[in-house]
1. Mind giving me the FRET efficiency for T44 and E122? R0 is 30 Å, r the Cβ-Cβ distance, nearest 0.05 is fine.
2. Is the shape of the range 16-56 best called rounded, prolate or oblate, per the rule: a/c under 1.5 gives rounded, else a/b larger than b/c gives prolate, else oblate, with a ≥ b ≥ c the square roots of the Cα gyration tensor eigenvalues?
3. Compute the acute angle (0 to 90°) between the alpha-carbon long axis of helix 102-125 and the principal axis of greatest extent of the alpha-carbon atoms of the chain; round to the nearest 10°.
4. Give me the percent relative contact order of the chain, please, defined on Cα pairs under 8 angstrom at least 6 residues apart.
5. Just the number, please: carbon plus sulfur as a percent of the accessible area of the range 10-92, 1.4 Å probe, no ligands or DNA/RNA counted.
6. Treating the beta-carbon of each Lys and Arg as +1 and of each Asp and Glu as -1, no other charges, what is the dipole magnitude of the chain about its Cα centre, to the nearest 20 debye?
7. Can you give the convex hull volume per residue for the Cα atoms of the range 1-99, as a whole number of Å³?
8. Considering lysine pairs in the chain that are 8 or more places apart or on different chains, how many have Cα atoms under 21 Å apart?
Amino acid sequence: MLPSPAVFHFLWEINTHLVKDGASVRTFGRLTSYLPEESKAVLTSHHASVQHQVSVQTTFVEPFDPIIGAQYFTLGEIDKSEGCSEATLRARVLNCVDGVDVALLQKAINEQRNFFKGRDDEAGAQ
């Protein structure tokens, strides 16, 4: 069985109620650390003067040659374990996208959300 299509979420949304355990998500952020012995990376992003981060389990994408400080795009499933305050993203895809215009990507994601919301609202009205 194929996983559900992944929905774009910003890093600051992942540890909120907006993203459920097991959800397929796409996100991006700056790689700030990588622990190969634990198969764990950390992506960070700034939003509203606050730095947000998410842990990424890299088991499925290894061997992984990290570039600390580079922008990365990832696709995977959210794991919100009991007793743990932060979610972990189990990555199926982890690509370096250094050089991408992050502001433009954020704008495109918001435009896509507006399009899908409008389309869903029209379908619900019929």
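The values are calculated or read from the model by the stated rules, or taken from the named source; none is laboratory data. Note that this is a predicted model, so its numbers are computed, not measured. Counting neighbours? That spans all protein chains shown, and the Cβs are built from the backbone with ideal geometry, glycine included. To get the accessible areas, we keep the full protein, side chains included, count just its heavy atoms, and leave off ligands, DNA and RNA. Shrake-Rupley method; radii C 1.70, N 1.55, O 1.52, S 1.80 Å.
1. That gives a FRET efficiency of 0.20.
2. oblate
3. 40 degrees
4. Result for the chain is 22 percent.
5. Whole-percent figure for carbon plus sulfur exposure: 51.
6. Dipole of the chain, to the nearest 20 debye: 220 debye.
7. 113 Å³
8. Taking the Cα cut-off of 21 Å, the pair count is 5.
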